[in-house]
Amino acid sequence: MENGIVKIDVRQVLRQKAPNVNVPEFVVRYLRKILHEDEMNIFLREHEGETGYLFLDHVIHDLLGCSAELYGVENIPTGDAPVVFASTHPLGGLDGMINAMLLHQFRKRELKIIVTDFLMFMTPLKDLFVPVNKVGTQSREYVMRQHEMWESGCDVLSFPAGKCARLEKKSAFGRALVTEQTWHKSIIQKAVQYKRDIVPIRFEGENTSFFYNLAYWRTKLGIKFNIEMLYLADEMFKSHGKTFSVHILPAVSWRTFDDSHTLQQWAEILREKTIS
């Protein structure tokens, strides 16, 4: 924050996330480029003081020029009982923002979005976010915030895969096959524990072939650090002007998840139901 104005500062983020690493200046410059630091800071100055859904609306429509076609509106619950929205994750960021905006418009209940803690640097949206650490153990603060979220009775938007879709293999004709990743069993566990029905969302969209190929070869080479995550902001800007299809599927009662299958098996069944 500079003179009371929220500001994206890549170097400051690096200092907080990797305080003992001396990152070369050329790397910082490159990160500033792919993270669109200048564009974001201009936008933040123009929308100073905006937070929450007002800021989110301007990001989607003004900064990125994106829109969505919503299908299955009738499947959005109308009652007061809190639910879990479980979405596919093809884009890795923009899909979450569009989902949240649509659910806010039609559901009109408090909604918390489970996100990687890296996004907590987006200060105008932090009240909508509940962070998880994707690269290490959860801090006591994060565990408490997640517990408070589930206890509060708000709706929850979750991406059970935990990471965006990846290129798994090539078809016989050489076409890249992008696949929704395995869903974690915690989505079923939490639904049962807190008696929340799950509303699946199929979000249709793709990142660039560069992103998928980078993730594919990074995995093949055995590199554990999620390099492609650094390009998600760049992928978001490359989606400028696109219209995405969002399908809301019928709710699945938490009572469905009985002992006939393990939690992980139920998670896979739900995933298959959502992507088919």
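Which one of these does residue 102 not meet: (1) among the hydrophobic types (A, V, I, L, M, F, W, C); (2) touching a helix residue (DSSP H, G or I) at 6+ places or on another chain (Cβ under 7 Å); (3) in a helix (DSSP H, G or I); (4) within 27 Å of residue 186 (Cα to Cα)?
That leaves (2) as the condition not met.
Specify the residue that is farthest from residue 84 (Cα to Cα); the eligible residues are those in region 233-276 that are free of Cβ contacts under 8 Å to residues at least 40 places away in the same chain and among the charged types (D, E, K, R).
Of region 233-276, the ones free of Cβ contacts under 8 Å to residues at least 40 places away in the same chain are 238, 255-256, 258-261, 265, 269, 272, 276.
Then drop every residue that is not among the charged types (D, E, K, R), which leaves 238, 255, 258-259, 272.
Values: 238: 30, 255: 14, 258: 18, 259: 21, 272: 17 Å.
In this case the residue turns out to be 238.
Could you list, ordered by first residue, the pairs with Cβ atoms under 6 Å in which the first is in region 148-166 and under 26 Å from residue 181 (Cβ atoms) and in the same structural domain as residue 133 (by TED's automatic domain parsing) and the second is assigned to a strand (DSSP E or B) and among the aromatic types (Phe, Trp, Tyr), at least 6 apart or interchain?
The qualifying pairs are 157/85.
Condition check: at pLDDT below 85 and part of a loop (DSSP other than H, G, I, E, B). Does residue 118 satisfy that? Reasoning before the result, please.
Values: at pLDDT below 85: yes; part of a loop (DSSP other than H, G, I, E, B): no.
No; evaluated as a whole, the condition is false for this residue.
Of the residues in region 10-47, how many are surrounded by fewer than 15 Cβ atoms within 10 Å (Cβ to Cβ) and closer than 24 Å to residue 238 by Cα?
We begin by selecting, within region 10-47, every residue surrounded by fewer than 15 Cβ atoms within 10 Å (Cβ to Cβ); these are 11-12, 15-30, 33, 38-39, 42, 45-46.
Those still in the list that are closer than 24 Å to residue 238 by Cα too: 11, 26-30, 33, 38-39, 42, 45-46.
Residues in region 10-47 being surrounded by fewer than 15 Cβ atoms within 10 Å (Cβ to Cβ) and closer than 24 Å to residue 238 by Cα: 12 in total.
Checking residue 61 against (1) surrounded by 12 or more Cβ atoms within 10 Å (Cβ to Cβ); (2) farther than 20 Å from residue 164 by Cα; (3) in contact (Cβ under 8 Å) with a residue 12 or more places away in the chain, only one condition comes out false. Which one?
Unmet condition: (3).
Those residues that are at pLDDT below 90 and surrounded by 14 or more Cβ atoms within 10 Å (Cβ to Cβ), I need them from region 167-211; list them, please.
167, 168, 176, 178
The values are calculated or read from the model by the stated rules, or taken from the named source; none is laboratory data. Computed from a prediction, not measured in an experiment: that's the story for all the values here. Glycine also receives a Cβ, built like all others from the backbone with ideal geometry; neighbour counts cover every protein chain displayed.
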